[in-house]
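Structure, as structure tokens:
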Amino acid sequence: MVFAFGRIFEEHASGGRWDRPELHRALDQLRERDVLVVWKLDRLSRSLKFLLHILEQIAEANAGFRSLTEHVDTTTACTALQHAWPLRIIGIAS
């Protein structure tokens, strides 16, 4: 699998913190059809509350989300539906 990245945001703060400037910069710059890619969900957030908030911001920007380790991908209708039920089970999607 090959990925081409337009911008890379590297955060040095813990995934357990909300005050992370690079994360906020990445979220602020999301545009329609962009995809936010993370290595692992806990790198994005260790708090379910913050994770839900982040995923909501991504959806509001009409952007996609991929977590490479957990194989979560919301960028196509097929994969969004495929991952909707496990995300609902753990409380990530409604």
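Things to note:
- 5 angstrom amide H check on V37, placed H, neighbours 5+ away: R66
- Less than 5 angstrom separates the built amide H of V72 from those of S67, all sequence-distant by 5 or more or on a different chain.
- Residue by residue, the stretch 19-36 carries 3J(HN,Hα) couplings of 7, 10, x, 5, 4, 5, 5, 4, 5, 5, 8, 5, 10, 3, 6, 5, 10, 8 Hz when phi is fed to the Karplus relation 6.51 cos²θ - 1.76 cosθ + 1.60 (θ = phi - 60°); x denotes Gly or Pro.
- Rounded to whole numbers, the Karplus 3J(HN,Hα) couplings from phi for the stretch 44-59 are 7, 6, 9, 10, 4, 4, 5, 4, 4, 5, 5, 5, 5, 4, 4, 5 Hz, using 6.51 cos²θ - 1.76 cosθ + 1.60 with θ = phi - 60°, and x at Gly and Pro.
Quick note: the coordinates plus some simple rules give every number you see, no bench work behind them. Note that the coordinates shown come from a computational prediction; the quantities given were computed from them, not determined experimentally.
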